[in-house]
Amino acid sequence: MSKIEIQNLSVDYREKNNCFTALDNVSFSVEAGEFVSVIGSSGCGKSTLLSVLEGINTPTSGAVLIDGNEIHGTGTDRGVVFQHYSLFPWMTARKNVAFGVKQSKKGLPKAERLKFADDFLDRVGLEEFKNKYPSQLSGGMQQRVAIARALAMDTDILLMDEPFGAIDTKNRTILQELLLKLWEGDGTQEKKTVIFVTHDIDEAILLSDRIVMMTTSPGRVYKEITVPFDRPRNRAELVQTVQYGKFRNELQSLFYSDIASKIGGDEVVL
């Protein structure tokens, strides 16, 4: 049995007499400990898919199952990083992270929650800003706090919606490596199951076991692609290889060919 099963999922948004289909008959599964990226252009339903997995959006038809059980609402088995920061403005960075820990680790003493918060803020490079409020932090720093909160919750499943999009290149690379390190663990526990939404092909290749490519609206599964590179992956060495360039070009061709077909253009050759 797969960790996550998405079965014939469709989501419609209705307003008065109008109906917009965000997802149309989407099906794929994610194994326990697998890192799967979902890529596609804007409007392909990536964020809608995550909202259903989180439990804040309801399928129009079809179902999503975790460990064989259909999702009904949010749960502490899922850590979420939104595309936007979603921090509590009245809490410091430290208290925002500690709040997440409190939700996932019921009964943990306050001192231990704060220790978790300090540790993960340090890992994302924000230890010295732990007593700052969101309004006192840049957008990228706020997102790093949100990422620290999700990672500190130590859930079985991580749902991440373009979490590094607002972060500068240097810190983006650092956080990608941190995410992989935490996902891989120390060998004494099972890997986390990750669904990672991105529009960045290089990011998807470097992080993922498998890539699910979505079509432009309505969102459907266009193709599932296994990433052919062994782990651990040395970023600097991998991107210089012929195999990487060839695989990246294949993904780009698939990505842009779908967009071209939607706007009536010719197939893109890269």
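The values are calculated or read from the model by the stated rules, or taken from the named source; none is laboratory data. Nothing here was measured: the structure is a model prediction, and the numbers come from that model. With ideal geometry, Cβ positions are generated from the backbone for all residues, glycine too; neighbour counts draw on all protein chains shown. With ligands, DNA and RNA removed, areas are computed over all heavy atoms of the protein, side chains included. Shrake-Rupley method; radii C 1.70, N 1.55, O 1.52, S 1.80 Å.
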Matching residues in region 63-119 - criterion: being more than 18 Å from the chain's Cα centre (by Cα), closer than 30 Å to Asp24 by Cβ and open to solvent by 60 Å² or more (accessible area, probe 1.4 Å)
Asp67, Asn69, Glu70, His72
Within region 143-174, track down each residue that is in contact with a Phe, Trp or Tyr (Cβ under 6 Å, 6 or more places away or on another chain) and more than 18 Å from Leu50 (Cα to Cα).
Ala148, Ala152, Arg172
Which condition number does Glu190 fail, the rest of (1) in a helix (DSSP H, G or I); (2) farther than 23 Å from Phe88 by Cβ being met?
(1)
Condition set among the hydroxyl-bearing types (Ser, Thr, Tyr) and open to solvent by less than 30 Å² (accessible area, probe 1.4 Å), scope region 2-56, selection nearest to Leu254 (Cα to Cα): answer is Ser41
Inside region 214-249, can you point out the residues that are over 22 Å from Trp183 (Cα atoms), open to solvent by 70 Å² or more (accessible area, probe 1.4 Å) and more than 20 Å from the chain's Cα centre (by Cα)?
Gln240, Val242, Gln243, Lys246
Six or more apart or on different chains, Cβ atoms under 9 Å: show the pairs whose first residue is in region 122-141 and on the phi > 0 side of the Ramachandran plot and whose second is open to solvent by 50 Å² or more (accessible area, probe 1.4 Å).
Gly125/Ile174
Number of the condition not met by Met141 [criteria: (1) in contact with a strand residue (DSSP E or B) (Cβ under 9 Å, 6 or more places away or on another chain); (2) within 23 Å of Met91 (Cα to Cα); (3) open to solvent by less than 60 Å² (accessible area, probe 1.4 Å)]
(1)
Please go through region 127-138 and give me each residue that is in a loop (DSSP other than H, G, I, E, B) and open to solvent by 30 Å² or more (accessible area, probe 1.4 Å), ordered by number.
Lys130, Asn131, Lys132, Tyr133, Ser138
If you go through region 99-112 one residue at a time, do you hit one that is among the hydroxyl-bearing types (Ser, Thr, Tyr) and touching a Ser or Thr at 6+ places or on another chain (Cβ under 6 Å)?
yes
Here are some residues: Ile259, Ile201, Ile211. Which one is within 26 Å of Asp24 (Cβ to Cβ), at pLDDT below 95 and buried (at least 19 other Cβ atoms within 10 Å of the Cβ)?
Ile201
Cβ-Cβ under 7 Å, sequence separation 6+ or interchain: first residue in region 56-80 and at pLDDT below 90, partner of a type in the set (D, E, K, R). Which pairs?
Thr74/Glu54; Asp77/Asp156; Arg78/Glu54; Val80/Glu54
Index of the failed condition, Gly33 passing every other in (1) of a type outside the set (Lys, Arg); (2) within 19 Å of Met153 (Cα to Cα); (3) modelled with pLDDT under 90
(3)
For residues in region 92-126 being out of contact with any helix residue (DSSP H, G or I) (no Cβ under 9 Å at 6 or more places or on another chain) and not in a helix (DSSP H, G or I), which is farthest from Val145 (Cα to Cα)?
Gly107
